[in-house]
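Engineer: One structure follows; several queries about it will come next.
The values are calculated or read from the model by the stated rules, or taken from the named source; none is laboratory data. The structure displayed is predicted, hence computed values, not measured ones. Cβ placement follows ideal geometry from the backbone for every residue including glycine, while neighbour counts extend to all protein chains displayed.
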Amino acid sequence: MKAGVMLPHVGVGITNDGVESLNLYKELYDKIVEGWHGFKPEQMHVSNMNAGDLKPFTISQDIINKYVKSTRVRAGRSVSGCSLPAFTNAEDRKMVED
């Protein structure tokens, strides 16, 4: 919760530093993930990396112009054994780089 306390202007109330925290604070994170993504703890995540299964974008430009004021693209990464970006230190960055 440090991010939300120290940096309230960024709009992020909680971050985590990896799998250990997700397991230790499972009750808290499960509720956040379900509320934000609609993904329930008992669901299994299924990855589909087949580009042929992607559906075309079908929202009209008029609808986009009516409702969208700004957008952002966000990318994330996690590497087993390294902390996530909110807690990354020089050693973690070097390990990922290597």
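Engineer: List pairs: first in segment 73-96 and surrounded by 11 or more Cβ atoms within 10 Å (Cβ to Cβ), second modelled with pLDDT of 70 or more and polar (S, T, N, Q), Cβ under 8 Å, 6+ apart or cross-chain?
Structural biologist: Hits for this filter: C82/T88; S83/N89; L84/T15; L84/N16; A86/T15; A86/N16; F87/T15; D92/S83.
Engineer: Any residue in segment 43-57 that's under 19 Å from D30 (Cα atoms): show its pairings with residues that are not small (G, A, S) at Cβ separation under 9 Å, as long as the two are six or more apart or on different chains.
Structural biologist: Matching pairs, first to second residue: H45/F39.
So that you can scan it fast, the table gives a plain yes or no per residue for (1) under 20 Å from the mean Cα position of the chain (by Cα); (2) more than 23 Å from S80 (Cα to Cα); (3) of a type in the set (A, V, I, L, M, F, W, C); (4) surrounded by 10 or more Cβ atoms within 10 Å (Cβ to Cβ):
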residue	(1), (2), (3), (4)
G13	yes, yes, no, yes
L22	yes, no, yes, yes
Y25	yes, no, no, yes
Y29	yes, no, no, yes
G38	yes, yes, no, no
M44	yes, no, yes, no
T58	no, yes, no, no
N65	no, yes, no, no
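Engineer: So in segment 35-59, with the set limited to residues that are charged (D, E, K, R) and assigned to a loop (DSSP other than H, G, I, E, B), which one is nearest to G13 (Cα to Cα)?
Structural biologist: K40
Engineer: Can you report the number of residues in segment 60-98 which are at pLDDT 75 or above and part of a helix (DSSP H, G or I)?
Structural biologist: Count: 15.
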